[in-house]
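Single-structure report; data block below.
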Amino acid sequence: MELPTRLPPDRLITVKRTIFVLALLPLLRLVVLGFNEDLGANPVEFVIRSNGTWTLTFLLITLGITPLRKITGMNWLLSLRRMLGLYAFFYAVLHFLSYVWLDQWFDWGAIVKDVAKHRYVLVGFAAFLCLIPLAATSTNAMMRRLGRNWQTLHRLVYLIGVLGATHYWWLVKKDLTQPLIYGAVLILLLGYRLLTKVQRTSIA
């Protein structure tokens with residue numbers, strides 16, 4: 001079956017709305033588990049890690065849009081990239097807030113000490129800071145205003161991916177299965193981009 005390169009406007013809107021709702025399910029799950037007091041022995045850690053995991057998940061999905069579009073020819077996938085990227089930022093904000101609020105109770109002195117003491121906190125905080133300008137410049141107006149600089153700025157997403165995967169790797173102390181899976185996916189995505197760049201350079 002031939003994959004559609006484009007979708008009719010009404011169908012594309014339906015796809016976007018469906019993904020928008022599905023992307024909220026991780027948050028809904030936390031709310032339901034919270035109301036049922038079923039967040040495990042350490043609810044705060046459960047909430048923080050869940051939001052962090054979904055941040056990295058949406059970040060990798062966003063990074064995967066371009067390779068998937070090139071492989072399948074489904075150009076309409078590009079119209080989903082902004083929303084998915086903003087969902088990565090959304091869960092990153094929840095991850096950050098659950099840490100500074102539920103875990104540290106806005107004790108900024110303790111937070112600074114934690115950042116200095118634990119390297120996984122430092123790289124996670126760096127990744128979050130890098131996400132902020134990307135989210136702030138995600139509108140069409142900012143794209144027009146920044147011009148070519150917009151694309152240069154948004155290449156930070158590759159660094160954010162590395163920082164996020166490293167944050168997860170250093171955070172987990174025992175079972176490294178999930179960090180290894182996320183790291184492997186990131187390496188594949190970045191490797192694909194590097195390969196296509198080398199190919200374009202050799203052709204030119």
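Got at least one residue in region 87-107 being over 20 Å from Leu190 (Cα atoms), in contact (Cβ under 8 Å) with a residue 40 or more places away in the chain and in contact with a Gly (Cβ under 6 Å, 6 or more places away or on another chain)? Yes: region 87-107 contains one or more residues that are over 20 Å from Leu190 (Cα atoms), in contact (Cβ under 8 Å) with a residue 40 or more places away in the chain and in contact with a Gly (Cβ under 6 Å, 6 or more places away or on another chain). Just one of the listed residues (Thr53, Thr62) is polar (S, T, N, Q), surrounded by fewer than 20 Cβ atoms within 10 Å (Cβ to Cβ) and under 10 Å from the mean Cα position of the chain (by Cα), and it is Thr53.
Val172 meets the stated requirement of being free of Cβ contacts under 8 Å to residues at least 24 places away in the same chain, under 17 Å from Gly52 (Cβ atoms), surrounded by 11 or more Cβ atoms within 10 Å (Cβ to Cβ) and aliphatic (A, V, I, L, M).
Of all the numbered requirements in (1) loosely packed, with under 15 Cβ neighbours inside 10 Å; (2) in contact (Cβ under 8 Å) with a residue 12 or more places away in the chain, Leu84 misses one, and that requirement is (1). Criterion applied to Leu12, Leu22 was being more than 22 Å from Ala127 (Cα to Cα) and in contact with a helix residue (DSSP H, G or I) (Cβ under 7 Å, 6 or more places away or on another chain), and the one residue passing it is Leu12.
Within region 19-49, restricting attention to residues that are touching a Phe, Trp or Tyr at 6+ places or on another chain (Cβ under 6 Å) and surrounded by 14 or more Cβ atoms within 10 Å (Cβ to Cβ), which residue is modelled with the lowest pLDDT? Taking the candidates together, the pick is Leu39. No other residue among Tyr120, Tyr158, Tyr99 is surrounded by 12 or more Cβ atoms within 10 Å (Cβ to Cβ) and in contact with a Lys or Arg (Cβ under 9 Å, 6 or more places away or on another chain) apart from Tyr158.
Only one of the numbered conditions (1) closer than 19 Å to Leu86 by Cα; (2) modelled with pLDDT of 95 or more; (3) surrounded by fewer than 13 Cβ atoms within 10 Å (Cβ to Cβ) is not met by Ala141, and that is (2).
The values are calculated or read from the model by the stated rules, or taken from the named source; none is laboratory data. Being a predicted model, the structure only gives us computed values, none of them experimental. Note: ideal-geometry Cβ built from the backbone for every residue, glycine included; neighbour counts use all protein chains shown.
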